[in-house]
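Student: Below are the structure tokens for one structure; questions will follow.
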Amino acid sequence: MTILITGGAGFIGSHVVRLFVRKYPQYRIVNLDALTYAGNLANLRDVEQADNYIFERGDIRQQDIVSALFQQYNFDGVIHLAAESHVDRSIANPLAFVETNVLGTVNLLNVARQFWGNEPAGKRFYHISTDEVYGSLGEEGFFTEETPYDPRSPYSASKASSDHFVRAYFHTFGLPVVLSNCSNNYGPCQFPEKLIPLMINNIRENKPLPVYGEGKNTRDWLWVADHAAAIDLIFHQGKAGETYNIGGNNEWKNLDLVEKLCDIMDDLLGRPAGASRQLITFVKDRPGHDLRYAIDASKIRRELGWEPTIQFEEGFRQTAQWYIDNTEWLKQVLSGDYQKRDV
Ligand code: NAD
Ligand code: TDX
């Protein structure tokens, strides 16, 4: 089997590539990534020499590039993770999100349909999405697969649009698609613009910790390798045309989470208890900031037997320790040197 993974040099994509390359030596894994600011080949150093792994630098929006790859490798499946992924960037530049997340996804769908059109049996187009498409919850309730879409940021609107296109290609053209919508991921190799690595790095450097608004917004955090394991299950066992919600059952108000990270970092860095909490600074809120996301993951648990494996205490500590141990990765990312690379 030859599988195209898009966005494999990013945060979640690199964990998915590693899992598939190691677990399925009989598969050929082709990673297509444009290496935007979020793509970093250092995330894949430990698998880049594997016989069953191939990296292709390219943009999912370019029809000729994607077609040439389908021609060359005759893909059996696509796992599509490439995207613009940061909400704050989508507020600054919405169009980039339309271009990659919507147009890029539709381009991939078109090429897959063109190549698999007459014989889609045994093929699979797996689209990775987010819980943010469902909008914002109040203090109670959970997102299920039946929750109506209500995206409220340019990022979530672009992901919602791409989800709709993927389902439309299933219903209209019979393309064998499957989708999943996941909650916030955390773990090694996350770009330090996102909450957890940003806070860990600022604590390390004794810089202010910018909490938006009053820090009451709530997210459901999932260990990234647990997401990768869910993707493996859904790719192999998910039903065509179906959607699966994936979540950590691990809700945190932002302020509580930042305080927890401060305490873990104080412990790991040998600082006096409570020292890093002094760095917390309340800043202007994100425009349109969704109050709460929380996933009901009972469908994937019931139908595919998936469960998160790592509890938050262990996951947050491992993540903090990873950033402390990998200062060179962080230095390269923060200085921009990771973009001066030979591909
Ligand atoms: P990321 O920003 O870390 O990585 C995105 C990757 O896509 C990068 O390697 C980048 O170079 C690549 N890319 C971007 N534009 C491209 C293009 N036009 N052509 C080819 N490659 C391109 O993202 P992430 O956090 O790993 O998220 C991966 C996917 O999972 C996204 O689709 C995102 O919407 C979804 N998701 C993320 C989370 C989360 O918490 N991070 C949660 C749920 C779903
Ligand atoms: O400096 C910050 N201060 C702060 O209070 C940052 C960067 C964030 N926040 C808040 C905003 C959110 O309530 O923390 C929460 C998490 O923020 P992000 O890490 O930016 O994640 P979020 O906006 O929830 O979106 C993430 O989860 C779903 C990913 O970026 C998406 O790609 C994914 O789909």
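Student: Every residue in segment 78-101 that is surrounded by fewer than 18 Cβ atoms within 10 Å (Cβ to Cβ) and within 16 Å of the chain's Cα centre (by Cα), please.
Tutor: Listed by number, the residues that qualify are H86, D88, R89.
Student: Residues that are assigned to a strand (DSSP E or B), closer than 30 Å to K23 by Cβ and among the hydroxyl-bearing types (S, T, Y): does segment 233-248 have at least one?
Tutor: Yes - at least one qualifying residue is present in segment 233-248.
Student: Same structure again: Among the residues of segment 275-303, how many are closer than 30 Å to D325 by Cα and in contact with a helix residue (DSSP H, G or I) (Cβ under 7 Å, 6 or more places away or on another chain)?
Tutor: Residues meeting the conditions: 5.
Student: For segment 201-228, which residues satisfy the criterion of being in a strand (DSSP E or B) and more than 14 Å from ligand 1 (Cβ to nearest atom)?
Tutor: The answer is L209, P210, V211, Y212, T218.
Student: Considering only segment 97-107, I want to know if a residue exists there that is touching a strand residue (DSSP E or B) at 6+ places or on another chain (Cβ under 7 Å), in contact (Cβ under 8 Å) with a residue 24 or more places away in the chain and over 29 Å from H289 (Cα atoms).
Tutor: For segment 97-107, residues touching a strand residue (DSSP E or B) at 6+ places or on another chain (Cβ under 7 Å), in contact (Cβ under 8 Å) with a residue 24 or more places away in the chain and over 29 Å from H289 (Cα atoms): absent.
Student: Let me ask something additional. For segment 71-82, indicate whether the set of residues that are within 14 Å of ligand 1 (Cβ to nearest atom) and under 30 Å from P210 (Cα atoms) is non-empty.
Tutor: yes
Student: Scan segment 106-123 and tell me whether some residue there is touching a His at 6+ places or on another chain (Cβ under 9 Å), more than 19 Å from Q71 (Cβ to Cβ) and modelled with pLDDT of 95 or more.
Tutor: No, segment 106-123 contains no residue that is touching a His at 6+ places or on another chain (Cβ under 9 Å), more than 19 Å from Q71 (Cβ to Cβ) and modelled with pLDDT of 95 or more.
Student: For segment 244-265, enumerate the residues that are surrounded by fewer than 22 Cβ atoms within 10 Å (Cβ to Cβ) and more than 15 Å from ligand 2 (Cβ to nearest atom).
Tutor: Correct list: N249, D263, I264.
Student: Just to be sure, is I196 more than 9 Å from ligand 2 (Cβ to nearest atom), among the hydrophobic types (A, V, I, L, M, F, W, C) and either modelled with pLDDT under 95 or surrounded by 19 or more Cβ atoms within 10 Å (Cβ to Cβ) (or both)?
Tutor: Answer is no for this residue.
Student: Do any helices (runs of 4 or more DSSP H) lying entirely in segment 1-101 carry at least 3 residues that are more than 15 Å from ligand 2 (Cβ to nearest atom), and which ones are they?
Tutor: 11-23, 63-73
Student: Can E313 be described as touching a helix residue (DSSP H, G or I) at 6+ places or on another chain (Cβ under 9 Å), crowded, with 17+ Cβ neighbours inside 10 Å and without any contact (Cβ under 8 Å) to a residue 60 or more places away in the chain?
Tutor: Taking the combined requirement at face value, the residue does not satisfy it.
Student: List the number of the failed condition for S129; all other conditions in (1) of a type in the set (G, A, S); (2) touching a Lys or Arg at 6+ places or on another chain (Cβ under 6 Å); (3) within 21 Å of K253 (Cα to Cα) hold.
Tutor: (3)
Student: Within segment 1-46, count every residue that is hydroxyl-bearing (S, T, Y), within 7 Å of ligand 1 (Cβ to nearest atom) and crowded, with 24+ Cβ neighbours inside 10 Å.
Tutor: 1
Student: Every residue in segment 226-285 that is under 30 Å from F173 (Cβ atoms) and either hydroxyl-bearing (S, T, Y) or modelled with pLDDT under 95 (or both), please.
Tutor: Scanning segment 226-285 gives T243, Y244.
The values are calculated or read from the model by the stated rules, or taken from the named source; none is laboratory data. Nothing here was measured: the structure is a model prediction, and the numbers come from that model. Glycine gets a Cβ as well: all are built from the backbone with ideal geometry, and neighbour counts include every protein chain shown.
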